[in-house]
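*Asks:* Just dropping this structure here.
The values are calculated or read from the model by the stated rules, or taken from the named source; none is laboratory data. Note that this is a predicted model, so its numbers are computed, not measured. Methodologically, a virtual Cβ is constructed for each residue, glycine included, from the backbone with ideal geometry; neighbour enumeration extends over all protein chains shown.
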């Protein structure tokens, strides 16, 4: 086990997340694939290549420190870029199905290649624009959860992501301190987004927005840890 793997194993253990040696090896392999591909196509900023393990992979997995996803969930990664948070989550959630969406064909092709190299049979990718795909019967209202990094402002994310969610079921998934309804849209945001939240709430008054600070045992060791999760749930997915 490498020093990076041991560090992540310890962090996961502190936060009640099980991670196997095979999963750690896959995450390390993903990191190497990402860095190799990054020489050819811009998947992550080259200035941040030295923080891929803590600033991208671990940050993606930190979602699991706050939210428990049940087995069998169908999850859309909206604006996956270099495969975040979809690929790290798919490695630790092998019983969930992931569709990784991006509007850049080269990124989609590369992410699919990495998923295939890692043997991730629970990952598929698709190239396209969310605004167009959300209207197609194959994708509209088909997902239990939509996950995303901060790919745009919150209002845009709701516009793009909510139509992919299944109709409200009344079921709950449990976070560390709160219970949230599924289906839900879950995105990483910086801590100073009060203006975005206010604007999104005006545009989508039927949407419940819950903010979960990404503070957890060991969070001070994670690069870019000054984040929180915004969890959006609604009984009605169309803009009123």
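*Asks:* Kindly provide the set of residues from segment 35-44 that are more than 18 Å from the chain's Cα centre (by Cα) and part of a loop (DSSP other than H, G, I, E, B), ordered by number.
*Replies:* Correct list: 39, 40, 41, 42.
*Asks:* Would it be correct to say that residue 64 is under 17 Å from residue 94 (Cβ atoms), touching a residue at least 24 places away in the same chain (Cβ under 8 Å) and in contact with a helix residue (DSSP H, G or I) (Cβ under 8 Å, 6 or more places away or on another chain)?
*Replies:* Working: under 17 Å from residue 94 (Cβ atoms): yes; touching a residue at least 24 places away in the same chain (Cβ under 8 Å): yes; in contact with a helix residue (DSSP H, G or I) (Cβ under 8 Å, 6 or more places away or on another chain): yes.
Yes, satisfied.
*Asks:* State all residues of segment 135-148 that are touching a residue at least 24 places away in the same chain (Cβ under 8 Å) and surrounded by fewer than 21 Cβ atoms within 10 Å (Cβ to Cβ); if no residue qualifies, say none.
*Replies:* 135, 139, 140, 141, 142
*Asks:* So which residues in segment 85-106 are farther than 20 Å from residue 139 by Cα and either touching a strand residue (DSSP E or B) at 6+ places or on another chain (Cβ under 6 Å) or touching a residue at least 40 places away in the same chain (Cβ under 8 Å) (or both)?
*Replies:* 88, 89, 91, 92, 106
Conditions tested, residue by residue: (1) in contact with a strand residue (DSSP E or B) (Cβ under 7 Å, 6 or more places away or on another chain); (2) crowded, with 17+ Cβ neighbours inside 10 Å; (3) assigned to a loop (DSSP other than H, G, I, E, B); (4) modelled with pLDDT of 95 or more.
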{"position": "25", "(1), (2), (3), (4)": "no, no, no, yes"}
{"position": "33", "(1), (2), (3), (4)": "no, yes, no, yes"}
{"position": "55", "(1), (2), (3), (4)": "no, yes, no, no"}
{"position": "71", "(1), (2), (3), (4)": "no, no, yes, no"}
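*Asks:* Could you please find all residues in segment 184-209 being buried (at least 18 other Cβ atoms within 10 Å of the Cβ) and more than 18 Å from residue 151 (Cα to Cα)?
*Replies:* Correct list: 204, 207.
*Asks:* Now a separate question. Considering only residues that are surrounded by fewer than 24 Cβ atoms within 10 Å (Cβ to Cβ), under 15 Å from the mean Cα position of the chain (by Cα) and in a helix (DSSP H, G or I), which ones fall in segment 91-110?
*Replies:* 92
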